[in-house]
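Report on one structure; see the data block that follows.
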Amino acid sequence: MLDIFPPDRTQYPAKKADGTLDIDLTSGKYLKLWQGPNHPGITGNMSVELTVCGDEVVEGKTHVGYLHRGFEKLMERRTFIQVFPIVCRVCVPEPDFNEYCYAACVEELAGIEVPEMAKWIRAMILEMGRINSYMMYLGGQAGALGQGVIGQWTTYVRDLMLDRFEELTGARIYHMFILPGGVRDTLPDGFAGRMEETLCEVEKTLKDVYDVMFCNAVFKKRTVGMGVIDPSWLEPYGVTGPNARAAGVAKDVRKDSPYLIYDQLDFEPVTGQNSDIYTRADVRRRDVWVSVDLIRQILAKMPKSGAVMAPLPNVLHWQIPRGETYVRGECSRGEYGYYLVTDGSGYPRRINVRGPSYTHAMALLERMIVGCNISDVAALMVSLHTYPPEIER
Amino acid sequence: MDFDWMKIPYAFLTVFIVVNYGFLMGALIQKIGARAGRRHGIPIWQYYLDVIKNYGLRTSITHGVMFYLGPVFRLSGGVGLLLFMPVIYGSYMFSNFSFAGDLILALYFVFFGTLGMALGAGESGHPHAAIGVTRGLQQVSMAELPFAMAVFSVALQYQTLSITEIVAAQQGGMMNWTLFTNPIAVAAAMLAFLGSMMRPPFDVFIAPQEIPIGPPTEYHSSYLALMQTNRAIFPVAKIVIYMNLFFGGAGSWPELFVKVFFLYLFSAFVGVCFPRFRVEQSIRFFLVWAVPLGVLSIMVV
Amino acid sequence: MTTKPELMKRMVKGPDGLEFEVDPLRDYYCEAPPTVMPGAYIQIVEDFFNWARSKSLWILGFGTGCGAIEMRPLMTPRFDAYRFGVAWRPTPRQANLFIISGYLSTKTLKRAIRAYEQMQNPKYVIGLGSCTINGGMYWDSYNTIKKLDEYLPVDLYIAGCMPRPEALLAGFEEMKKIIRTGKAEGANQYAENFAWYKANQKRVIHDWDMPDYNW
Amino acid sequence: MRELYARLKALYPLGELTEQRKNLAFVTVPAAHLRDTLLHLRDKEGFTHLVLLTAVDWLEEGQFQLTYLLNNRALACDLGLRVLIQRDTATMESIHDLWPTAATYQRELREMFGIDFPGSPRIEEEFILEGWNSIPPYRRDFDTLKYAQEAYAERPGRVTHDPETHMRLQMYPGQHPAGK
């Protein structure tokens, strides 16, 4: 394409001696622009403080804390079984990973063996949650570029998937289904058949999304080559999940250190090469296909009956000996982990939630946002797929 | 100078009809767009309610004189465009104040509202409004360029600057429309049309995800209602120009309604399924695709 | 109370070389307190306006908490709240209905108050979720408020954690009934009890670095 | 994991190795040797991914435990370095130059635990809380319920049916309900 207006980068802010940017707001060259928290282009309730020069961002600072509820403190005040209803509230769009990681931590420290059936059901729920989360993402990514109709389609499919959740767990958003020791219940009758219908609908929508969004010339123009994560940043900035896979590194906890029953399933991590917004979106789109396939495999291979709950000790006196552990899982945004420390009492000593958004939305975003156009900030932020509630808990 | 005073109430009648038609058509287009997202969309009378609600709000805050005048300019741009144009060809009642050189005046009025908006939005002091309006001005000036060229081409083709005469020249069957007699100019103008209809892919200046929602960020209650009224008039007025210049005009109200509706639908169709360009990308798009077409159309004529 | 550096009074040199004094708290904000705005003088006109207001609810698109996750389905095919005259506006100036979607941390409360004050009279507030009613799940949290109507005038609460979209739609219908009967005078209530609301807000927000009323 | 520990032990004075799982172990490191150990692990042993950095408050022992959890993706194993620092002084060397993302963790620790990391970028800024006027909230001696009751107005009439207390009363009438 013709390059009629080459970007002029000579007037960029000079650096001071200590490495910070020399930005004089009164000079009239720079403008401070707050994107968020009340801003539709922000993923959830957070804000980015942009300093712009013309249309280009010269500095961006993320501000979080608008959703801080003090979970890690609240969990210390609750017994092990009381924690389980509130963990799912940590991350709203994909709550099941909190439940799984917490349950796995407790099981490991308390030495509880989870029944085989429960593992399969857990894996299925996690994959269903992953599809939901990706559907939110695809809609958001298209919406950030002004293509609202994709969001309509994907949210419709997400609603169908929420119906399956409702059937299985009785709740739409916060399922509270995976608890320490297993899961609450077996699958209802005829669940596999209805699941198959939903999966077909997901596939149909994905094809439409591919045609309208990924083959769209304007979408490509806006996203190809935009917001590149350099592969050398992956380790220093702790990039995981699809963001890392889009850079060509097949980082997938499901494959690297299989948990639950992922070692018995047949799948390959999806990777991309270019590490721009388009590739990240494409990796996630193909990841939905993987998830759809995984759910089919799980439904086909899972045992037909069996216990779903290990016998727990009396939960009122449940004391876990001193110890610490870390359990991770691959959620739709990257590595999700819980760090649990117990001290022999009936209450956890400390729980730390390691959300992937924590590294993506803070240090990485601040690095990537420099030099991008104001119009692309929203798309860039969405493309990292961050959810603020898991940053600040 | 023989001014026919009877034209004034007739002109108001035109405006009245167009306002109502604009509201209903806007809602209908919205509904059609919603169907693409498998929704039902808003009720067809929703825009009336919104306007009444906004006029009925109890407080409104001003940021200065230009803040008041912004919506007024915008509305006068829309109304003025409509008033100085023959809406229905061959009708005494609805020819309004059209005169020999009205094409030039119409070109001016198309831009007038945007300029007024720029002043008003600048006064409101919100950075998003300022960013939005600079983007809007850049893009609209770029989109107007091919349109102006197409208009010149048409004016050269018919050797007149009067819209009425242009319409008259296109009568007598579809094959006489400029669409078929000068297709290059129409192509250039239709690209410009997309660029000025505030729909994707050329709606970066009101992009809710980036600069919510651009120039009208600070506008509320009656100012906003005024702008909504204009939102109903202005597109119709603009489409009427396009219709007069390129699609043979309209001999009666039903014909006008149908033609305007389909032209509007064209922009809505494109808008539903495209993301938006960045402002420099859209400028480049116009420079690379639309302006050469416009130049070509002038040269061909 | 400490003021942030960018809010302090200072001399500024403009791009044209002129020096002038800037006092952000005075110059950038309006300090006039809200006043009680009576309705239209004629009752039937007011009724007509209330009817229109109830039919055209514009929601501020500010997801303050986890309730925002159920807003997306409301805009989309399954529930499609647009059918009922409900629309989302990205700027507080144009919105009439503020949905506090879930718990409010004190940091968000500050932003929510500012957004609320920028909305135009008449304006309505719906508290969504148990956590706005009495703290809900976060009853012992040190960072979330427990009772929303101490800080903002609330017209309606929708209970649940989280309330389903159907509950929200029912809530909108209830809200419309309240507006039509002319009882939704939250903005006037706020203006009447302004001192009380401000005192409550300031007790919670420790670094109050804005004027009391900033439209 | 054992060989790795033996190799490290030869270089630095380490504490005992706690093997939690086959691929997860924790080891105590003196604060002075943390940086060298981290560098060695990152550059020589392939533990390139800083999974998390967090603190545990051992109030009874007067110590903070900082946990640096590192991950080696090739071997699929994690090593947690425990650093014990004094609770009343609570200062630690910053590692933001080794992993830029650690700066965020350090900001959080500074705010939530009151552990200072001199030299870390934006460490002085407020991170999550705004206008906080009490002791750092994640410390064990901070009572969140008491703070919440003092700071926020509560709606009267709230009855908490704490299942634990309730069940205790049901099962052992007469015994005083314990709990926090």
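(1) free of Cβ contacts under 8 Å to residues at least 40 places away in the same chain; (2) on the phi > 0 side of the Ramachandran plot: which one isn't true of B:F262, the others all being true?
(2)
The conditions are (1) closer than 27 Å to A:K221 by Cα; (2) among the hydrophobic types (A, V, I, L, M, F, W, C); (3) not in a loop (DSSP other than H, G, I, E, B), and A:I391 fails exactly one of them. Which is it?
(1)
Being in contact (Cβ under 8 Å) with a residue 40 or more places away in the chain, within 28 Å of A:V183 (Cα to Cα), assigned to a loop (DSSP other than H, G, I, E, B) and of a type in the set (D, E, K, R) is the filter here; which residues of the stretch A:252-283 pass it?
A:D252
The conditions are (1) out of contact with any strand residue (DSSP E or B) (no Cβ under 7 Å at 6 or more places or on another chain); (2) crowded, with 19+ Cβ neighbours inside 10 Å; (3) modelled with pLDDT of 85 or more, and A:D263 fails exactly one of them. Which is it?
That leaves (2) as the condition not met.
I'm trying to understand the selection: among the residues of the stretch D:65-88, which are within 14 Å of D:L109 (Cα to Cα) and either in contact with a Gly (Cβ under 9 Å, 6 or more places away or on another chain) or not in a strand (DSSP E or B) (or both)?
Correct list: D:T67, D:Y68, D:R87.
Tell me which residues, restricted to the stretch B:183-192, are surrounded by fewer than 24 Cβ atoms within 10 Å (Cβ to Cβ) and touching a residue at least 40 places away in the same chain (Cβ under 8 Å).
B:I184, B:A187, B:M190, B:L191
Among B:P212, B:P216, B:P208, B:P200, which is outside any helix (DSSP H, G or I), modelled with pLDDT under 80 and within 18 Å of the chain's Cα centre (by Cα)?
Testing whether each residue is outside any helix (DSSP H, G or I), modelled with pLDDT under 80 and within 18 Å of the chain's Cα centre (by Cα) leaves just B:P200.
Just the residues that are outside any loop (DSSP other than H, G, I, E, B) and buried (at least 16 other Cβ atoms within 10 Å of the Cβ), please, taken from the stretch C:190-214. Step through it out loud before you land on a result.
First pass over the stretch C:190-214, keeping only residues outside any loop (DSSP other than H, G, I, E, B): C:190-192, C:194-204.
Correct list: C:Y190, C:A191, C:F194, C:Y197, C:K198, C:N200, C:Q201, C:V204.
Within the stretch A:307-342, which residues are surrounded by fewer than 18 Cβ atoms within 10 Å (Cβ to Cβ) and in a loop (DSSP other than H, G, I, E, B)?
A:A307, A:A310, A:P311, A:L312, A:P313, A:N314, A:W318, A:Q319, A:P321, A:R322
Return the pairs, sorted by first residue and then second, in which the second residue is surrounded by 14 or more Cβ atoms within 10 Å (Cβ to Cβ) and of a type in the set (A, V, I, L, M, F, W, C), the first residue lies in the stretch D:147-159 and is at the interface with another protein chain (Cβ under 7 Å from one of its Cβ atoms) and closer than 15 Å to C:M137 by Cβ, the beta carbons are less than 7 Å apart, and the residues are 6+ apart or on different chains.
D:Y152/C:I145; D:Y152/C:V204; D:R155/C:I133
Say whether the condition of being within 13 Å of chain C (Cβ to nearest Cβ) and touching a helix residue (DSSP H, G or I) at 6+ places or on another chain (Cβ under 8 Å) is met by at least one residue in the stretch A:195-218.
We begin by selecting, within the stretch A:195-218, every residue within 13 Å of chain C (Cβ to nearest Cβ); these are A:201, A:205.
In the following step, the residues that additionally are touching a helix residue (DSSP H, G or I) at 6+ places or on another chain (Cβ under 8 Å) were identified as A:201, A:205.
Within the stretch A:195-218, one or more residues are within 13 Å of chain C (Cβ to nearest Cβ) and touching a helix residue (DSSP H, G or I) at 6+ places or on another chain (Cβ under 8 Å).
On the given criteria, is C:A115 under 19 Å from C:D207 (Cβ atoms), within 14 Å of chain B (Cβ to nearest Cβ) and either part of a loop (DSSP other than H, G, I, E, B) or aliphatic (A, V, I, L, M) (or both)?
For C:A115, the condition - under 19 Å from C:D207 (Cβ atoms), within 14 Å of chain B (Cβ to nearest Cβ) and either part of a loop (DSSP other than H, G, I, E, B) or aliphatic (A, V, I, L, M) (or both) - is met.
For the stretch A:126-136, check the following and say yes or no: at least one residue is part of a helix (DSSP H, G or I), within 12 Å of chain C (Cβ to nearest Cβ) and basic (K, R).
Within the stretch A:126-136 (the criterion being part of a helix (DSSP H, G or I), within 12 Å of chain C (Cβ to nearest Cβ) and basic (K, R)), the answer is no, since none of the residues qualifies.
Before we move on, is D:A76 surrounded by fewer than 22 Cβ atoms within 10 Å (Cβ to Cβ) and free of Cβ contacts under 8 Å to residues at least 60 places away in the same chain?
In short, yes.
Taking the condition within 13 Å of chain D (Cβ to nearest Cβ), modelled with pLDDT under 85 and surrounded by fewer than 23 Cβ atoms within 10 Å (Cβ to Cβ), does A:E108 pass?
Considered against the rule, which asks whether it is within 13 Å of chain D (Cβ to nearest Cβ), modelled with pLDDT under 85 and surrounded by fewer than 23 Cβ atoms within 10 Å (Cβ to Cβ), A:E108 comes out as no.
In the stretch C:118-142, how many are more than 13 Å from chain D (Cβ to nearest Cβ) and hydrophobic (A, V, I, L, M, F, W, C)?
Selection size over the stretch C:118-142: 4.
Keeping to the stretch C:96-112, report how many residues are more than 9 Å from chain B (Cβ to nearest Cβ) and more than 8 Å from the chain's Cα centre (by Cα).
Residues in the stretch C:96-112 being more than 9 Å from chain B (Cβ to nearest Cβ) and more than 8 Å from the chain's Cα centre (by Cα): 11 in total.
Checking D:E111 against (1) buried (at least 19 other Cβ atoms within 10 Å of the Cβ); (2) not in a helix (DSSP H, G or I), which single condition isn't satisfied?
(2)
Condition check ((1) aromatic (F, W, Y); (2) in a loop (DSSP other than H, G, I, E, B); (3) in contact with a Phe, Trp or Tyr (Cβ under 7 Å, 6 or more places away or on another chain); (4) surrounded by fewer than 21 Cβ atoms within 10 Å (Cβ to Cβ)) across all residues:
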{"site": "A:Y174", "(1), (2), (3), (4)": "yes, yes, no, no"}
{"site": "A:G193", "(1), (2), (3), (4)": "no, no, no, yes"}
{"site": "A:D211", "(1), (2), (3), (4)": "no, no, no, yes"}
{"site": "A:V218", "(1), (2), (3), (4)": "no, no, yes, no"}
{"site": "A:S232", "(1), (2), (3), (4)": "no, no, no, yes"}
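Looking only at the stretch D:92-122, how many residues end up being of a type in the set (F, W, Y) and within 9 Å of chain A (Cβ to nearest Cβ)?
Here the count works out to 2.
Which of the residues that make up the stretch B:47-73 are facing another protein chain (nearest Cβ under 7 Å), buried (at least 22 other Cβ atoms within 10 Å of the Cβ) and either without any contact (Cβ under 8 Å) to a residue 12 or more places away in the chain or not in a loop (DSSP other than H, G, I, E, B) (or both)? Write out each step before concluding.
Initial filter on the stretch B:47-73 (facing another protein chain (nearest Cβ under 7 Å)): B:49-50, B:52-53, B:56-61.
Next, from what is left, pick out any that are buried (at least 22 other Cβ atoms within 10 Å of the Cβ): B:50, B:53, B:56-57.
B:D50, B:K53, B:G56, listed by residue number.
I'm trying to understand the selection: among the residues of the stretch B:261-301, which are facing chain A (nearest Cβ under 7 Å) and in a loop (DSSP other than H, G, I, E, B)?
B:C273, B:F274, B:P275, B:R276, B:F277, B:R278
For D:E3, state whether it is over 18 Å from the mean Cα position of the chain (by Cα), within 14 Å of chain A (Cβ to nearest Cβ), free of Cβ contacts under 8 Å to residues at least 40 places away in the same chain and farther than 22 Å from A:V253 by Cα.
Answer is no for this residue.
Do you know which of the residues in the stretch C:62-95 that are more than 26 Å from B:I61 (Cα to Cα) and crowded, with 24+ Cβ neighbours inside 10 Å is farthest from the other protein chains (Cβ to nearest Cβ)?
At the first step, the residues of the stretch C:62-95 found to be more than 26 Å from B:I61 (Cα to Cα) are C:65-84.
If we keep only those that are crowded, with 24+ Cβ neighbours inside 10 Å too, we end up with C:65-67, C:70, C:76.
On the way: C:G65: 7, C:C66: 4, C:G67: 9, C:E70: 7, C:T76: 4 Å.
The qualifying residue farthest from the other protein chains (Cβ to nearest Cβ) is C:G67.
Could you please give the count of residues in the stretch B:200-258 that are farther than 27 Å from A:S375 by Cα and without any contact (Cβ under 8 Å) to a residue 60 or more places away in the chain?
Looking only at that region, the number is 6.
Quick one: which of A:E392, A:E366 is within 24 Å of A:C91 (Cβ to Cβ) and at the interface with another protein chain (Cβ under 8 Å from one of its Cβ atoms)?
Working: A:E366 fails: at the interface with another protein chain (Cβ under 8 Å from one of its Cβ atoms).
Every option except A:E392 fails the conditions.
The values are calculated or read from the model by the stated rules, or taken from the named source; none is laboratory data. Predicted model only: the values in this text are computed from it and were never measured. Positions of Cβ are generated from backbone atoms using ideal geometry, with glycine treated the same way; all protein chains shown enter the neighbour counts.
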